[in-house]
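Just so you know, all these numbers are worked out from the coordinates, no wet-lab data involved. The structure presented is a predicted model; accordingly, all values stated were derived computationally and were not measured. Heads up, the Cβs are rebuilt from the backbone with ideal geometry, glycines too, and the neighbour counts pull from every protein chain shown.
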Amino acid sequence: MTRDNINEKIEDRQDGIQSALQLLRARELPLPAELEALRHLAPPRGACVEVRLHHPGGRRRIRRDADIQNWDRFNGYASLEYYPSDTDEALDDGTGESENREDPTRKLIALLAELERDPKLHFVSLTWFRDKFLLDQGLAWAHNLDVRRKLIVDAIENKLLLAGKVPNPKSPNFPVTSIRLNRTLPEVREILAELGEDDSDFAPVAIAGGSLSSTILEERR
């Protein structure tokens, strides 16, 4: 069993579980056969999931800004609520045109390509990219968490992005989910070419760490 990060908040754990459930929908992410049943918890297309952690008894929710130690995993409760996603409305500003009106998926690929060119970054954390970097770009659609989640999950499902697990330099017991462009995919190469990026000399940095499936198996032991 993994130990709790003493700096982790309830909202961090809830958001992490929600993101993991969204990613489970992408069947390109491998799972051991005995864990495939977990995909039944993934929200269906057009829906999102909300995770809430509760005090023992299950009635009182724990405040989002509370320390993770306030959740008793043996006697506490966790609830899942599924609801229709409003991502289509968030991506449409009412004019019937896309933002700037640029395809958000194309923008996602362009921004990730920019990060991958940064020699100071050894990997791109999915959570950081989704919840910090995209927000800082001033994109209207990026202010909706459901939109950001859906775009990334859809990109992984369509194999535009590849996800994996890498060691966390700050908390070795808590591996980080990373994402990178699938530069072997013709669709990605075409978008990069349209953006004026010469991909011929790109050489991805080898990252230590196992696959998601092997990481999950290791955490079960």
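Can you tell me how the range 10-86 classifies by the Cα gyration tensor, rounded, prolate or oblate, using a/c under 1.5 as the rounded cut?
prolate
Treating only the Cβ atoms of Lys and Arg (+1) and Asp and Glu (-1) as charged, compute the dipole magnitude of the range 98-188 about its Cα centre; round to the nearest 20 debye.
Approximately 280 debye in magnitude.
Counting other beta carbons within 10 Å of each residue's own, what order do Phe129, Phe74, Phe174, Phe123 fall into, fewest first?
Neighbour counts put them in this order, fewest first: Phe74, Phe174, Phe129, Phe123.
Checking the a/c ratio against 1.5 first, then a/b against b/c, what shape does the Cα gyration tensor give for the range 121-166?
Oblate is the answer for the range 121-166, as a/c is 1.5 or above yet b/c matches or exceeds a/b.
Calculated FRET efficiency, Asp118 and Phe174, Cβ-Cβ r, R0 22 Å, to nearest 0.05?
Once the sixth-power term is evaluated, E becomes 0.40.
At a 10 Å Cβ-Cβ cut-off, how would you order Lys159, Lys9, Lys150, Lys120, fewest neighbours first?
Ascending Cβ contact count within 10 Å gives the list Lys120, Lys159, Lys9, Lys150.
Counting other C-beta atoms within 10 Å, which of Trp128, Trp71 has the fewest, and how do the rest follow?
So the ranking, lowest neighbour count to highest, is Trp128, Trp71.
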